[in-house]
Amino acid sequence: MRTWMPGIKPGMTMLQVRMALPSEIDVAIIGAGAAGIGAARALEGKGLSVLILEARDRLGGRAYTRELENGIVFDVGCGWLHSADKNKFVGIAETLGFEIDRGRPHWSQQTYNIGFPQKDREDYLNEMDAFYDRAEAAAKSGKDRPASELLLPGNRWNAMLNCISTYINGVELDRVSILDMNAYEDTEVNWRAKRGYGALVAAYGAPCPVAFDTKVTLIDHSSRRIRIETSRGTITAAKVIVTVPTNLIANESLRFHPALPEKVAAARSLPLGLADKVMLALDDDGDALPKDGHLRGSITKAGTGSYHLRPKGLPAIEGYFGGRFARELENAGDGAMAAVAIDEIVGLLGSDYRRKLRPIASSAWEHDPFATGSYSYALPGHAGERAKLATPLDGRIFFAGEATSPNFFSTCHGALESGIRAAKEVVGAESEIAAGR
Ligand SMILES: Cc1cc2nc3c(=O)[nH]c(=O)nc-3n(C[C@H](O)[C@H](O)[C@H](O)COP(=O)(O)OP(=O)(O)OC[C@H]3O[C@@H](n4cnc5c(N)ncnc54)[C@H](O)[C@@H]3O)c2cc1C
């Protein structure tokens, strides 16, 4: 019986795993994000040696929790357990003793009604519902178009609908496929893990055998055994599960030999949109603001922040930016996002907040070489590419990652499910070999 991973056991330190890369393995998984971890956990006990090759020095990929001062938990990547009533991470959290905060998000509210009176909010929410109804009706025709074509010319809420798209899709509506947007399954139940979503994903991945600081550069599948070139040497595998973000397949920072032009084309049709966050510590009377309050920076611009006041009751405000505006702010360098966030909050809550707010952390996902963006969207006309990217090759190379999920793409639980699906495909291919097919 082959072991889970000879020589590498659950509980080993990263240093131990850094010391030796085995020369061969049954299944190599590229990437220790939710998808890679999902695949590795699903392969436990299947009699296969498994190793995750991870470029970073940590688990989780785009799921990453940092603990900041005063107990402030910062989910640098995913924070919300979306579609929580169907999200496998909820059960995992319960098993691992992670407390779930079942409080609903306040995205559609505006604390104190500042700058966004209730009457206007109702008007906007009606228009948003109508927009998504039009999208559903348009998707039924089966013909794909940019989602921006569903905006009503001259409607006062178009900028806000575009802004919401930058948060949901990481891009403005002119880049988004109507068919893909409509395929997303949103049950509108959104919860949080109190200790952080990234911490939950890392805890779930803790038993997995991982070689950290191991960047894969080439997957050579020209021979019977697959040769994987990494920054720490070469390893061969019978099967490979690729879970890296689409942009890294699209720009061929991870290459295949022979080349896989169909996979590269699919990945290019599913680029990563951009979303970034900034965490501001709230000094002085932090309690004056309501727990889990919410403010929208502006209701007339697509480029504006969404502010979560005292998230989980913590003395902080978390700002969220998306799309072109997030890119501008990332490119403007350190402090640019925090400066905009503070200006917008001061504009709403008053000049006292310039003294009370202090930037303590922010993200820059586009500049992160192992992500180069936040989550995938499908370009108009390319909704079908998720299935193409997900399709295994020759029963030897398998593809997972959030972008391959048919209904929960762009999310962490979608990534997890895709990894489980790829693991099942690997086991299925093994049984076929055993049966001599
Ligand atoms: C700001 C932000 C907010 C988000 N909010 C939410 C949210 O609230 N809810 C939600 O569900 N989702 C959210 N997401 C999306 C979610 O984080 C991702 O969809 C999910 O974590 C992706 O998992 P994955 O395994 O597909 O990819 P990743 O997590 O990116 O994992 C891929 C792994 O591959 C590694 N890798 C890359 N290249 C190589 C290489 N050449 N060799 C070896 N390893 C490599 C990477 O380091 C990474 O660890 C958010 C993301 C961001 C950035």
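Out of everything in the stretch 82-98 that is buried (at least 22 other Cβ atoms within 10 Å of the Cβ) and more than 7 Å from the ligand (Cβ to nearest atom), what residue ends up being nearest to Arg232 (Cα to Cα)? Give the derivation first.
Restricting attention to the stretch 82-98, the residues satisfying the condition of being buried (at least 22 other Cβ atoms within 10 Å of the Cβ) are 82, 87, 89, 93.
The next check asks that each one be more than 7 Å from the ligand (Cβ to nearest atom); those that pass are 87, 89, 93.
Details: Asn87: 36, Phe89: 32, Ala93: 34 Å.
Residue satisfying both the conditions and the ranking: Phe89.
Given the condition within 16 Å of the ligand (Cβ to nearest atom) and either in contact with a Leu (Cβ under 6 Å, 6 or more places away or on another chain) or open to solvent by less than 20 Å² (accessible area, probe 1.4 Å) (or both), answer yes or no: does some residue in the stretch 346-359 qualify?
First pass over the stretch 346-359, keeping only residues within 16 Å of the ligand (Cβ to nearest atom): none.
The answer is no, given that none of the residues of the stretch 346-359 is within 16 Å of the ligand (Cβ to nearest atom) and either in contact with a Leu (Cβ under 6 Å, 6 or more places away or on another chain) or open to solvent by less than 20 Å² (accessible area, probe 1.4 Å) (or both).
Only one residue in Glu172, Glu149 is surrounded by fewer than 17 Cβ atoms within 10 Å (Cβ to Cβ) and either within 15 Å of the ligand (Cβ to nearest atom) or in contact (Cβ under 8 Å) with a residue 12 or more places away in the chain (or both), so which one is that?
Details: Glu172 fails: surrounded by fewer than 17 Cβ atoms within 10 Å (Cβ to Cβ).
Criteria check complete, one pass: Glu149.
Inspect all residues belonging to the stretch 201-219 and state whether any of them is touching a Cys at 6+ places or on another chain (Cβ under 9 Å), within 19 Å of Ala371 (Cβ to Cβ) and modelled with pLDDT of 95 or more. Outline the logic, then answer.
First, pick out the residues of the stretch 201-219 that are touching a Cys at 6+ places or on another chain (Cβ under 9 Å): 201.
Those still in the list that are within 19 Å of Ala371 (Cβ to Cβ) too: 201.
Keeping just the survivors that are modelled with pLDDT of 95 or more gives 201.
Yes, the stretch 201-219 contains at least one residue that is touching a Cys at 6+ places or on another chain (Cβ under 9 Å), within 19 Å of Ala371 (Cβ to Cβ) and modelled with pLDDT of 95 or more.
Is there a residue in the stretch 61-81 that is of a type in the set (S, T, N, Q), touching a residue at least 24 places away in the same chain (Cβ under 8 Å) and either open to solvent by 20 Å² or more (accessible area, probe 1.4 Å) or within 14 Å of the ligand (Cβ to nearest atom) (or both)?
So in the stretch 61-81, the residues of a type in the set (S, T, N, Q) come out as 65, 70.
Keeping just the survivors that are touching a residue at least 24 places away in the same chain (Cβ under 8 Å) gives 65, 70.
From what is left, the residues that are either open to solvent by 20 Å² or more (accessible area, probe 1.4 Å) or within 14 Å of the ligand (Cβ to nearest atom) (or both) are 65, 70.
Yes, the stretch 61-81 has at least one match.
How about the stretch 205-220: which of its residues are more than 10 Å from the ligand (Cβ to nearest atom) and surrounded by fewer than 20 Cβ atoms within 10 Å (Cβ to Cβ)?
Residues satisfying the conditions are Ala206, Pro207, Asp220.
Mind listing just one residue for me: the one in the stretch 201-234 that is in contact with a Leu (Cβ under 8 Å, 6 or more places away or on another chain) and polar (S, T, N, Q) and, of those, nearest to Val90 (Cα to Cα)?
Top of the filtered list is Thr214.
For the stretch 319-425, give me every one of the helices (runs of 4 or more DSSP H) that falls completely inside it and has 3 or more residues that are charged (D, E, K, R), touching a residue at least 40 places away in the same chain (Cβ under 8 Å) and more than 19 Å from Asp75 (Cβ to Cβ). Quick ask: steps written out before the conclusion?
Working: elements: 323-332, 336-349, 352-356, 385-390.
Counting at least 3 such residues, we get 385-390.
Within the stretch 7-18, does at least one residue satisfy the condition of being farther than 17 Å from Val244 by Cα, within 16 Å of the ligand (Cβ to nearest atom) and at pLDDT 95 or above? Don't jump to the end; show me each part of the working.
Initially, the stretch 7-18 is screened for residues farther than 17 Å from Val244 by Cα, giving 7-18.
This time we only want the ones that are within 16 Å of the ligand (Cβ to nearest atom), so: 14, 17-18.
With the extra rule that they be at pLDDT 95 or above, the set shrinks to none.
No: the stretch 7-18 contains no residue that is farther than 17 Å from Val244 by Cα, within 16 Å of the ligand (Cβ to nearest atom) and at pLDDT 95 or above.
Looking only at residues in the stretch 27-47 that are in a loop (DSSP other than H, G, I, E, B) and more than 6 Å from the ligand (Cβ to nearest atom), which one is surrounded by the most Cβ atoms within 10 Å (Cβ to Cβ)? Reasoning before the result, please.
Step one: filter the stretch 27-47 for residues in a loop (DSSP other than H, G, I, E, B), giving 31-32, 43-47.
Of the ones still in play, those that are also more than 6 Å from the ligand (Cβ to nearest atom) are 43-47.
Numbers: Leu43: 26, Glu44: 13, Gly45: 8, Lys46: 15, Gly47: 12.
Out of the qualifying residues, it is Leu43.
For the condition within 13 Å of the ligand (Cβ to nearest atom) and touching a Pro at 6+ places or on another chain (Cβ under 7 Å), what is the one hit in Leu272, Leu282? Even if it seems obvious, please write down each step before you answer.
Working: Leu282 fails: within 13 Å of the ligand (Cβ to nearest atom).
Only one candidate passes the filter, namely Leu272.
Looking only at the stretch 389-436, count every residue that is among the hydroxyl-bearing types (Ser, Thr, Tyr) and away from the ligand (no atom under 16 Å from the Cβ) and tell me the total. It would help to see each step written out before you state the result.
Within the stretch 389-436, the first condition is being among the hydroxyl-bearing types (Ser, Thr, Tyr), and the residues that meet it are 391, 404-405, 410-411, 418, 431.
In the following step, the residues that additionally are away from the ligand (no atom under 16 Å from the Cβ) were identified as 391, 431.
Residues flagged as among the hydroxyl-bearing types (Ser, Thr, Tyr) and away from the ligand (no atom under 16 Å from the Cβ) within the stretch 389-436 amount to 2.
Tell me, yes or no, whether the stretch 131-146 has at least one residue that is touching a strand residue (DSSP E or B) at 6+ places or on another chain (Cβ under 9 Å), of a type in the set (D, E, K, R) and either surrounded by fewer than 19 Cβ atoms within 10 Å (Cβ to Cβ) or more than 26 Å from Arg327 (Cβ to Cβ) (or both). Before the answer, list the steps.
In the first step, residues of the stretch 131-146 are kept if they are touching a strand residue (DSSP E or B) at 6+ places or on another chain (Cβ under 9 Å); the result is 144-146.
Right, trim to of a type in the set (D, E, K, R) and you get 144-145.
Cutting the leftovers down to either surrounded by fewer than 19 Cβ atoms within 10 Å (Cβ to Cβ) or more than 26 Å from Arg327 (Cβ to Cβ) (or both) gives us 145.
Yes.
For the stretch 114-128, name all the residues that are assigned to a helix (DSSP H, G or I) and either open to solvent by less than 60 Å² (accessible area, probe 1.4 Å) or acidic (Asp, Glu) (or both). Lay out the reasoning, then the answer.
Start the filter on the stretch 114-128 by keeping residues that are assigned to a helix (DSSP H, G or I), which leaves 118-128.
Residues satisfying the conditions are Asp120, Arg121, Glu122, Asp123, Tyr124, Leu125, Glu127, Met128.
When the residues of the stretch 152-167 are filtered to those that are hydrophobic (A, V, I, L, M, F, W, C) and in contact with a Ser or Thr (Cβ under 7 Å, 6 or more places away or on another chain), which remaining residue is least open to solvent (accessible area, probe 1.4 Å)?
In the first step, residues of the stretch 152-167 are kept if they are hydrophobic (A, V, I, L, M, F, W, C); the result is 152, 157, 159-161, 163-164.
When the remaining residues are screened for being in contact with a Ser or Thr (Cβ under 7 Å, 6 or more places away or on another chain), the result is 159, 163.
Values: Ala159: 28, Cys163: 2 Å².
Across the stretch 152-167, the extreme among qualifying residues is Cys163.
Please list, ordered by first then second residue, the pairs with beta carbon atoms under 9 Å, 6 or more apart or interchain, first in the stretch 246-271 and within 17 Å of Phe398 (Cα to Cα) and open to solvent by 20 Å² or more (accessible area, probe 1.4 Å), second of a type in the set (Ser, Thr, Tyr) and away from the ligand (no atom under 16 Å from the Cβ).
If the second residue must be of a type in the set (Ser, Thr, Tyr) and away from the ligand (no atom under 16 Å from the Cβ), the pairs left are His257/Ser222; Pro258/Ser222; Glu262/Thr391.
The values are calculated or read from the model by the stated rules, or taken from the named source; none is laboratory data. Everything numeric in this text was worked out from a predicted model, so none of it was measured. Positions of Cβ are backbone-derived with ideal geometry, glycine not excepted, and every protein chain shown enters the neighbour counts. Please note that ligands, DNA and RNA were not included when accessible areas were found on the heavy atoms of the full protein model with its side chains. Shrake-Rupley method; radii C 1.70, N 1.55, O 1.52, S 1.80 Å.
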